[in-house]
Amino acid sequence: MGSSTSQLSKELLSEYQELTFLTKQEILLAHKTFIELLPPESQNVVDSLTAQVSRVPTEKVLTLPELKANPFKDRICRVFSTAPEKDSLSFEDFLDLLSVFSDAATPDIKSHYAFRIFDFDDDGTLNKEDLKQLVNRLTGTEEDTQLSPSEMNQLIQNILEESDIDRDGTINLSEFQHVISRSPDFTSSFKIVL
Amino acid sequence: MEAGGASGGQWVPRGPGPGPSLPALLSQLPSSATVRYRGPGIPPWGAPEPCLEQSGQGHQARGKAAPATSPEEPPESQALRELPWPMEAKRYLWKRQGDRPTKQVVGMRGSKGALLLGRAWAPLAGIPKMLEPWRTTLMKIGGQYGAGTESYFRLLRFLLGLNILGALFQGALTLLPLFLLGPLPQPPSPGVSQPCGSYDPRPGGLVDYPTLLTNLLSGEGHLEWSPLFYGFYPVQLRGGTFQLPLAYLLSTFVSGLLCLLLILRRSVSGLKQTLLSESGALTSYSHRIFSAWDFRLQGAGPAELRRRALRYELQVELEEAAARKSAEARSRGQWAALWGARTLLNLLMLALLGAAFYGIYWATDPDGRLQNDPVVQEVPILKLLVAYLPSIFMSGANLILPPVLGLLTGLEGYTRSRQVQLILLRWTVFLRLASLVVLLGSLWKQITCGGNPEAEACATCGYAYRELPCWETRLGQEMYKLLLFDLLTCLAVPLLVQFPRKLLGSMCGGPLGRLLGTLEFQVPDEVLGLVYGQTLVWVGGFYCPLLALLNTAKFLLLFYLKRFTLFTFFSPASRTFRASTANFFFPLVLLLGLALSAVPVLYGIFVIPPSKLCGPFQGQVNIWASIPNAIQGLSQGVRDFLFSLGTLSFAVPLMLASSILMVYTLTLASSYGRLVSTLKGHIKMESESKVLLAKRIVELGGKNHDLH
């Protein structure tokens, strides 16, 4: 780590520590990982930090071993991307990603982002289609690995019955957070560490 | 949906028909807009892209989209990193906050100091996390094998910490003064015959190798007169200022109390989470879906396995729900038959357990018949075998019975779900801890002549002095043997059971091979093994002070061994085990073990007379007597205070106060529960009204458009 300490300035490090849940070592490791994903001509500190110049396209980010096997990998990159087309991540987006998935993040922010990740059609609520896609991603995308339509309907019915407090047929953020708050396994499973 | 600029620069997505559609209308509401707000200057979540024409109107849209709560100004007390905004927005706000250092917030002056303290403390808060050993290992295990296996290893780490603390205490209070101050005690001379028999633990000089090995394994010979056992410690040390008996007694109490506090602290956090969930059955589907995927999982293989497991579990759960519905329609005759079968099976299980307990009782050889057999005395291997017979029987029972009990429980007709696991757990807990109780019971019978102080063997000295001149050392030896045998079993099982199974599984193909070769980590059984080992140490810690140290070494070895076998032999679990139940249930079983271990220790301290020939409590009427003697030596004021603590006038108000506190807390909890359900009803009502109004607006909007 000796060479990388001189790469990120102290003020920048402390600013990142203030604005994310990551520790100094984690930020430096993230920077190292990010630089390796950039094309060789932009692999220096200055370029890696300027979002306009260097953004890593989503396909490259998805080659990271931590994300490769994740069924929600494309949604994760889409949620954290600040590019107009939402197809690339800058270094700060990457830090945001790691911050939310870190050990120290609050359950609140984790559930907020989980909601966004599960909201496949980006309309701010989880409706039946979102839930259907969620279950399919969990069980497998091929024909023989999916649940039968009747099982799926039954399952979604059960979920809505349990979580949809206001009975409007969708799960909004506060209902989602309410359900998640009573699931103590969520915080320990919603973690990615480099 | 086409995006259209309406008259006020507001972004109103239009539906396929005339007028705003229902979902579009609902998405404009403040509650939904606050969710989508992502910070100043960033387009709100869900806005159509590209929104270049909105950038100029972005400010207005932002202002209109979130009128009431003005999300530009999150409360001062919220740390910026907790906002779900991208880095740009957070930095912008941070700079703005930094430019206004003197802004006073009314009514929050006190909390501002606390806030600054919290911010200063934050970098240091990461340090305790760094000191935790094996953090990365545990995370890897949790990701690959599930939360249940991870909680087992966490418990192992916790127990390791407990043992280190206990060993430190006992070492510091008893061993250190002994080595620093007093002369190392010599064994009592054999020639002298005293009213309570003679005690000759002197090792016979040079012994041959097999005898040395058997002595090491059974705690006799050289080990008997060593700091390992109670009998070694003298009554007085040089100098006379340090009271070794008192320190010995107090170290046991203090370490026991410390263990109790730490376990309670651990179980309270688990309890908080269990209490929060109103009823596990109510939210099982949502939990199962939303927290199903463990994001720490890496690698395509484990991910595929996890997917398969999830699918299987979901299908099973849905099937069971359907089966449960049909089961409720059982006729009375069927119910009677079911319950008849259940009682029969439970009786059978009780009979099996009774047989196991009788076997253990017989193995402890209460009448000494096997030990005094001349054939056994000749051959040292047989002697060792007889000495270890109780441990062998107990381990055998613990290995054979649980699968049999599992089979029988399966026949009871419960649905194949967590119910079965819990019921099985009940029986296995009973088996493990009760076998220890049986062993202790038979030892008690030997020491106190069946609790009859008038029996001719116990009349002179209060304990059976002829067979057990130093009964505390004998008890310590039994616990030592149990510990060693437990370790040997843990070492032998991977070698003799798991490795061959894996080998056979890979050699035979087909379903048989898969059945043999798939090994899964049985979390409840393993945890019970841990609790059993720790209970042994708690029982024996008073009579064998270095037992905690030995146990530390044993648990350390166990951690690495279990981790190695886990990664080498085991496949990921096919059923998910919820960490929350584990975190609550396991400390509870530990507490049970602690309570169980307190009984023989306290009985030995208060009731049974200490040996007259060995140990720091020689010559006293019972072990506890050293404390009142010590109190007599204190000043008058302290003495009066301590005595008043034991009187009724202190105990009764204390009990009254704690019962009042308990009743108050219970009432508070139930009233909160009622409040929560009332509020839920309110939310439902409000939302129904909202949806109704929105529908009316859509209808009217459509009608208006039609009219034009």
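Considering only residues that are of a type in the set (Gly, Ala, Ser) and surrounded by fewer than 18 Cβ atoms within 10 Å (Cβ to Cβ), which ones fall in segment B:603-620? Within segment B:603-620, B:Gly619 is the sole residue that qualifies. On the stretch given as segment B:627-638, residues that are over 23 Å from B:Gln236 (Cβ atoms) and surrounded by 10 or more Cβ atoms within 10 Å (Cβ to Cβ) total 1. Entry remark, segment B:299-321: residues being within 27 Å of the chain's Cα centre (by Cα) and either within 8 Å of chain A (Cβ to nearest Cβ) or assigned to a loop (DSSP other than H, G, I, E, B) (or both) number 2 in total. Scanning segment A:171-181 for residues that are surrounded by fewer than 19 Cβ atoms within 10 Å (Cβ to Cβ), without any contact (Cβ under 8 Å) to a residue 60 or more places away in the chain and at the interface with another protein chain (Cβ under 9 Å from one of its Cβ atoms) gives a single hit, A:Ser174.
Do the conditions hold for B:Ala595, that is, is it closer than 26 Å to B:Leu536 by Cβ and among the aliphatic types (A, V, I, L, M)? Judged against the criteria, B:Ala595 is a match. Is it fair to say A:Ala114 is out of contact with any strand residue (DSSP E or B) (no Cβ under 6 Å at 6 or more places or on another chain), among the small types (Gly, Ala, Ser) and part of a helix (DSSP H, G or I)? Yes: the conditions hold for A:Ala114.
Per the conditions (1) part of a helix (DSSP H, G or I); (2) at pLDDT 85 or above; (3) closer than 23 Å to B:Arg81 by Cβ, the sole criterion not satisfied by A:Asp74 is (3). Within segment B:464-496, how many residues are surrounded by fewer than 19 Cβ atoms within 10 Å (Cβ to Cβ) and over 27 Å from the mean Cα position of the chain (by Cα)? The number of residues fulfilling the criteria is 4. Scanning segment A:74-90 for residues that are touching a residue at least 24 places away in the same chain (Cβ under 8 Å) and either more than 9 Å from chain B (Cβ to nearest Cβ) or under 19 Å from A:Arg137 (Cα atoms) (or both) yields a count of 7. Answer yes or no as to whether A:Leu131 is buried (at least 18 other Cβ atoms within 10 Å of the Cβ), over 14 Å from the mean Cα position of the chain (by Cα) and of a type in the set (A, V, I, L, M). The answer is yes for A:Leu131.
Reported count of residues in segment A:99-119, each being modelled with pLDDT of 90 or more and touching a Pro at 6+ places or on another chain (Cβ under 9 Å), is 5. Consider segment A:10-24 and keep the residues that are within 14 Å of B:Ala79 (Cβ to Cβ) and hydrophobic (A, V, I, L, M, F, W, C). The one that is farthest from the other protein chains (Cβ to nearest Cβ) is A:Leu22. Of the residues screened, A:Leu147 is not one that is surrounded by 20 or more Cβ atoms within 10 Å (Cβ to Cβ), closer than 28 Å to B:Leu305 by Cα, more than 8 Å from every other protein chain (Cβ to nearest Cβ) and not charged (D, E, K, R).
Restricted to helices (runs of 4 or more DSSP H) entirely inside segment B:487-562, those with at least 1 residues that are touching a strand residue (DSSP E or B) at 6+ places or on another chain (Cβ under 9 Å) are B:499-507. Which one is nearest to B:Glu132 (Cα to Cα), of the residues in segment A:120-134 that are within 8 Å of chain B (Cβ to nearest Cβ) and at pLDDT 90 or above? The residue in question is A:Leu134. Quick one: is B:Gly161 more than 30 Å from B:Arg238 (Cα to Cα), surrounded by fewer than 20 Cβ atoms within 10 Å (Cβ to Cβ) and out of contact with any Cys (no Cβ under 8 Å at 6 or more places or on another chain)? It is true that B:Gly161 is more than 30 Å from B:Arg238 (Cα to Cα), surrounded by fewer than 20 Cβ atoms within 10 Å (Cβ to Cβ) and out of contact with any Cys (no Cβ under 8 Å at 6 or more places or on another chain).
Considering the conditions (1) assigned to a helix (DSSP H, G or I); (2) touching a helix residue (DSSP H, G or I) at 6+ places or on another chain (Cβ under 8 Å); (3) at the interface with chain B (Cβ under 7 Å from one of its Cβ atoms), A:Glu66 is excluded by exactly one of them, (2). A single member of A:Asp108, A:Asp93 is buried (at least 20 other Cβ atoms within 10 Å of the Cβ), part of a helix (DSSP H, G or I) and at the interface with chain B (Cβ under 9 Å from one of its Cβ atoms), and it is A:Asp93. One residue stands out in segment A:182-194 among those that are facing another protein chain (nearest Cβ under 7 Å) and among the β-branched types (Val, Ile, Thr): the one that is farthest from the chain's Cα centre (by Cα), namely A:Val193.
Residues of segment B:602-649 that are in contact with a Gly (Cβ under 8 Å, 6 or more places away or on another chain) and among the β-branched types (Val, Ile, Thr): B:Ile608, B:Ile623.
Mind listing whichever residues of segment B:690-708 are surrounded by fewer than 11 Cβ atoms within 10 Å (Cβ to Cβ) and free of Cβ contacts under 8 Å to residues at least 12 places away in the same chain? B:Leu692, B:Arg696, B:Leu707, B:His708 - these are the residues of segment B:690-708 that are surrounded by fewer than 11 Cβ atoms within 10 Å (Cβ to Cβ) and free of Cβ contacts under 8 Å to residues at least 12 places away in the same chain.
The values are calculated or read from the model by the stated rules, or taken from the named source; none is laboratory data. Just so it is clear, the model here is predicted, and its values are computed rather than measured. Cβ coordinates were reconstructed from backbone atoms using ideal geometry, including for glycine residues, and neighbour counts include every protein chain displayed.
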